[in-house]
1. Go through region 146-164 and give me each residue that's basic (Lys, Arg) and in a strand (DSSP E or B).
2. Could you count how many residues in region 547-570 are in a helix (DSSP H, G or I) and at pLDDT 95 or above?
3. All but one of (1) surrounded by fewer than 18 Cβ atoms within 10 Å (Cβ to Cβ); (2) in a loop (DSSP other than H, G, I, E, B) hold for Asp441, so report the exception by its number.
4. Yes or no: Ala109 more than 20 Å from the chain's Cα centre (by Cα) and aliphatic (A, V, I, L, M)?
5. So, restricting to strands (runs of 3 or more DSSP E) that lie completely within region 244-304, which ones have at least 2 residues that are at pLDDT 95 or above and either in the same structural domain as Val204 (by TED's automatic domain parsing) or closer than 30 Å to Leu339 by Cβ (or both)?
6. Can you name the number of the only condition in (1) acidic (Asp, Glu); (2) in contact with a Phe, Trp or Tyr (Cβ under 6 Å, 6 or more places away or on another chain); (3) surrounded by fewer than 16 Cβ atoms within 10 Å (Cβ to Cβ) that Glu465 fails?
7. What about Asn335, is it in a helix (DSSP H, G or I), surrounded by 20 or more Cβ atoms within 10 Å (Cβ to Cβ) and touching a Pro at 6+ places or on another chain (Cβ under 7 Å)?
8. Being of a type in the set (Ser, Thr, Tyr), surrounded by fewer than 19 Cβ atoms within 10 Å (Cβ to Cβ) and touching a residue at least 60 places away in the same chain (Cβ under 8 Å) is the filter here; which residues of region 341-379 pass it?
Amino acid sequence: MGLTVAEKIIENHLVSGTLKRGTPIAIKIDQTLTQDATGTMAYLEFEVIGLDRVRTELSVSYVDHNLLQTDFRNADDHRFLQSIAARYGLWFSRPGNGICHQVHLERFACPGKTLLGSDSHTPTAGGCTMVAIGAGGLDVAMAMAGKPFHLIMPKIIGVHLTGELPPWVSARDVALWMLRRLTVKGGLGKIIEYFGPGVKKLSVPDRATIANLGTEMGATTSVFPSDEITLAWLKAQGRDEVWQEILPDPDAVYDEIIELDLSTLEPLAACPSSPDNVKPVVELEGRPVAQVIVGSCANSSLRDLLVVAHTLKGRKVHPEVSFEINPGSLQVLENLDALGALKELIHAGARIHQSGCLGCIGMGQAPATGTISLRTFTRNFPGRSGTKNDQVYLVSPEVAVAAAITGKITDPRKLGAYPAVDLPERFIINDALLLPPLPEDEARKVEIIRGPNIVPLPQFDPLPEELCCRVLLKVGDNITTDHIMPAGAKILPLRSNLPAISQYVFAALDPEFAQKALALKEEGKWVAVVGGENYGQGSSREHAALAPRYLGVRAKLAKSFARIHKANLINFGILPVTFVQPEDYEKISSGDELIFKRVRQALEEGWEELEIEIKGKGTISGRLELTERDREIILAGSLLNLAKEN
């Protein structure tokens, strides 16, 4: 029986386990990436490990999230990250160089390699045939220390592509079609692999867009084959020496196959306020739009911005629309200028921002009250834009520019002939803002610069024999990491200051949560949170586990967990338990006291179920879906504790 592309790469990197679905495996990690919002904590964790240099083939520290320097904190973090990179042998991508996933695709993506990133959209590199996985910062710190990454071997969904995209339909519409079909939890425990003749009709930036948005389906990663299209991309980047052909075997077997004829697709949009609330644009036409933004790690490539620029040629942005462009990288911006397209954007009335994440992470670009904002971003969770009760639609660059011209949601097929977009055979390469690792002898002399906002990690206690927790919050389905630990310009600068950022845990759902949790902690009592399906979807931010742990949260009981968040909970000693009987969710109320009976014995002896007493109401059963390693981490109190023990 033949292998899929994902299986071939995983098999070549197996440290332990087999390709049997649903079983624990560990894989060697070739490359890592961090971004500044998660990186500061990841490097504080790496320092605790005590190594003198990273032990990967390549590690990169990017600054792309916390770009607004409204006070000293972000600037201090940037200097800290640059000095850390110099000290420990990493590449450093300076502010303004671009979004980590776009830059990594351009300068470092390598077919057949593995990549672990402290950002949930790390699978973008799957467009260049990497097994690229998003994870918490502590997992990335361990990978930088040369340790393997542990996961459950996913199922592999094969998406068989045929046909060719029609005019005014693009890669974003492929991803939106998939989101409509699978929903935000349909990819849990799965890798999405694209194959078939239709793949040849997609450029590497197209493939990267589709792989990027697999994250919103909950997928472990998404991957494309490495073929002559991949080779052409790497040649244009001056890196064709890293190319190798990687195709699925003719008799490769997928756990499920989805058929998609690209020629049948139409322009789509994800309506407020979930990436899977997808409808055809023709059903939304006529709604007035006040803001349009083209950017994010999903749609800020040269190809995307050329489509926008050429469509705007001879036209003007509607007077009621703020049309904003966030280039994905310095390379994109410079090539856009060289091709004369930057002038087209400026002349039409677009606002050009620096290369970075910006509004996608809530770092500026908040829309006006009560208005519609169309964005080529990755997420439209409620309030993520920075505006309460926002109305954010996720769309392709084609749909975005059509709205910018007309002032309302418009089917772009009404704009006339689709502009021809030809990517250069060789990009202008400018790595002026990309600093290479220092030689070891020079690196040892580097002094790490720490601003006053950078606070060391606290100690975490091992798991007690029996866990008694007060339920401080009960929530529903699809709770995101934005609900647990908000993003935005106010909170992101606190990422390296755990006591300060913990004050915002669950602030959108219960502004008094942190105060109540700390009060219980001072009394020596633990906290529990109860949730529904797909608890913790969204970002890889480990602060959504780390900050609750700091406040005294020791258990989370849910119907199901999102992959990365569950791993982060485990890494910081928070017990993730699922309901054996989903209807038991209804038996628990906020304020109840939960007693997890003989919890330490249950973990030590490998029990699959745990008795949970709801004080004064009876008992229910909880399921422990944990590997042996997961149990060891929780028993130790954190992955760092376990690493020190070993």
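1. Taking region 146-164 as the starting set, the residues that turn out to be basic (Lys, Arg) are 147, 155.
If the condition is that a residue be basic (Lys, Arg) and in a strand (DSSP E or B), then Lys155 is the only one that fits.
2. To start, the set of residues in region 547-570 that are in a helix (DSSP H, G or I) comprises 547-551, 563-570.
Going one step further and asking which of them are at pLDDT 95 or above, we end up with 547-551, 565-570.
Count: 11.
3. Of (1) surrounded by fewer than 18 Cβ atoms within 10 Å (Cβ to Cβ); (2) in a loop (DSSP other than H, G, I, E, B), only one is false for Asp441: (2).
4. Numbers: more than 20 Å from the chain's Cα centre (by Cα): no; aliphatic (A, V, I, L, M): yes.
The answer is no for Ala109.
5. 256-261, 268-270, 291-294
6. Result: Glu465 fails condition (2) only.
7. Details: in a helix (DSSP H, G or I): yes; surrounded by 20 or more Cβ atoms within 10 Å (Cβ to Cβ): yes; touching a Pro at 6+ places or on another chain (Cβ under 7 Å): yes.
Considered against the rule, which asks whether it is in a helix (DSSP H, G or I), surrounded by 20 or more Cβ atoms within 10 Å (Cβ to Cβ) and touching a Pro at 6+ places or on another chain (Cβ under 7 Å), Asn335 comes out as yes.
8. Here is the first cut: in region 341-379, the residues of a type in the set (Ser, Thr, Tyr) are 355, 369, 371, 373, 376, 378.
Adding the requirement that they be surrounded by fewer than 19 Cβ atoms within 10 Å (Cβ to Cβ) leaves 369, 371.
Residue satisfying the conditions is Thr371 alone.
The values are calculated or read from the model by the stated rules, or taken from the named source; none is laboratory data. Quick caveat: nothing in here was measured; it's all calculated off a predicted structure. Every residue, glycine among them, receives a Cβ derived from its backbone with ideal geometry; neighbour counts consider all protein chains shown.
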